[in-house]
Structures are given as C-alpha cells and as structure tokens.
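Structure first, then comments.
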Amino acid sequence: MRFDVFSLFPESLLPYLKSSILKRAAQQGLIEVRLHNIRHWATNRHRMTDDVPYGGGSGMVMKPEPIFAAVEGVLGTPPNGPVILMTPQGRPFTQRVAAELAQHPRLALLCGHYEGVDERVRAHLVTDEISIGDYVLTGGELAALVVIDAVSRLTPGVLGAEDGAQNDSHATGLLEYPHYTRPAEFRSWRVPDVLLSGNHARIAHWRQEQALKRTRERRPDLLDESQQQTTYK
Ligand code: ADE
C-alpha cells in the first residue's frame, strides 16, 4: 500500500510514522508513505500557497495552482488512483471506509489548512472527501494519519497475527469483548472463570454475548446498522 500525502506541514506526520507498527511495516516494504510539501510547487515570488477569499470574509483559502501542480506532478494527469481531501465536510470515516480504501494499491491524501481549499480543487481534482469526526482540526494532517493507520493495519502482513484485524471492535459490526491476561487474580479482581476453563466453545459463546452486551450498552446505534451475525474464533 502506498500513500502520498500532500501538506503544508508534512514533517508533522513523521514522528508517528516512525514509531511502532507503521515504522515496521514501512521497513518491511508493506507500506510506503511519501510526504510532499505543497509549497515546493508554489511558483510565485513568495511561494504563497494561500490567499484572501473572493467576496471577502475572514481567513485564508489555499490556492489551487500549487495543489494541482503537486498532485499532478506526483500522480500524473489525471491522477492515478483516489485523491482524498481531508475535511470536516467529508463522508464520515468508519472501519467500513477503511476496508474499502485498503482495496486500492495507492491513495493520495490532501491535507487542507486555513479556511479550506479553493472550490476548484474539490470540483476537479479530488475524488473523495473524508472527515474523521464532527469537530474541526487546525489541519488535515492528523486526519491523514488516522486514515493511514487504519488502512495500514488492514494491509496483509502489517499486523503480526494472520487474523489480527478480523475480530476488532467495528470490524465485526460490534464492539469487541473484554480481554484479560495474567495474573488470574489482581487486587482480588478475578478473571472470569469461563476464560480459564479451556472450553473453547463456551469461551466463544461468552465472548459473543459480551460483545453484544457491550454494544447494546455503549453503541446501540451500531446494532441498528448491523443485523449481521458474528462469531468469534
Ligand atoms: N480537517 C479539519 N478537521 C477535520 C476533520 N474533522 N476531519 C478531516 N479533516 C479535517
């Protein structure tokens, strides 16, 4: 999976990309993240990437020329693969959207800043718009990292265990069941007996019950969405 990120502050993504699972995935060649600074494609005297809005109003708008030049310079004309604008106006990012995006070999993520991008970028360059939630960030960089992280862990080989992502919260349509590890008793709080029983059928049944209970209590909206039957291995 290859990601091309277009941003005015591409270095802000580096610390996270250089940590933990994403770092290992990149070292193994399972993912490749290329960071592109839109400012490098600005040709005006001061390398300006934003300007005042036509019609007046507060805030600056990202200019179209450097964004088109950057994306087309890296991905060709027309760009090869999805070009996704990170914006609070986009479609909500969910596990299902992550799975859909993971089917592509290559994704371009465009990070907005200031009041947003010139509408011609949305209309004629971008093929998809994604929001990571109903709140406004200072820029799209954190949102791009969220997408890279969620899509990367669905990329074959990135998670250690073969079925690492299959039983995740949301992947099944339900929240995940509770997990326990040793010790069996900690400050007098005991691990549920069923998990120590060695009876795999009972354990699977208990986990499924717990997942349903948890989803009913915390996210009943998910139950309405997914009437699908789920079984844990
Ligand atoms: N840029 C600013 N806020 C955002 C959000 N909620 N999702 C995606 N991109 C954003």
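The values are calculated or read from the model by the stated rules, or taken from the named source; none is laboratory data. On a predicted model such as this, the values are computed, not experimentally measured, just so you know. In this analysis, Cβ positions are derived from the backbone assuming ideal geometry, glycine residues included, and neighbour counts consider all displayed protein chains. Ligands, DNA and RNA are stripped out before the accessible areas are found, and what is left, the full protein with its side chains, is counted by its heavy atoms. Shrake-Rupley method; radii C 1.70, N 1.55, O 1.52, S 1.80 Å.
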| said: Can you say whether Ser12 is polar (S, T, N, Q), open to solvent by 40 Å² or more (accessible area, probe 1.4 Å) and either touching a residue at least 40 places away in the same chain (Cβ under 8 Å) or under 14 Å from Gly112 (Cα atoms) (or both), as far as the supplied structure shows? | reply: yes
Item to check | Filter pass, Thr215 being open to solvent by less than 70 Å² (accessible area, probe 1.4 Å), modelled with pLDDT under 95 and more than 20 Å from Leu107 (Cβ to Cβ) | outcome: no
Kindly establish whether Val126 is open to solvent by less than 40 Å² (accessible area, probe 1.4 Å) and more than 30 Å from Ala211 (Cα to Cα).
-> yes
Residue pairs qualifying under the 6 Å Cβ cut-off, at least six apart or on distinct chains, with the first in segment 48-65 being under 20 Å from Phe9 (Cα atoms) and the second being open to solvent by 70 Å² or more (accessible area, probe 1.4 Å), are Thr49/Arg39; Asp50/Tyr114; Gly59/Tyr114; Gly59/Glu115; Met60/Tyr114; Val61/Glu115; Pro64/Arg120
Q.
Could you go through segment 17-38 and let me know if any residue there is over 25 Å from His104 (Cβ atoms) and either touching a residue at least 12 places away in the same chain (Cβ under 8 Å) or outside the structural domain of Arg122 (by TED's automatic domain parsing) (or both).
A. no
When (1) outside the structural domain of Ala70 (by TED's automatic domain parsing); (2) more than 26 Å from Gly81 (Cα to Cα) are applied to Ala171, the one that fails is (2)
The residue from Ala102, Ala144 that alone is touching a residue at least 40 places away in the same chain (Cβ under 8 Å), more than 16 Å from the ligand (Cβ to nearest atom) and assigned by TED's automatic domain parsing to the domain that holds Ser20 is Ala102
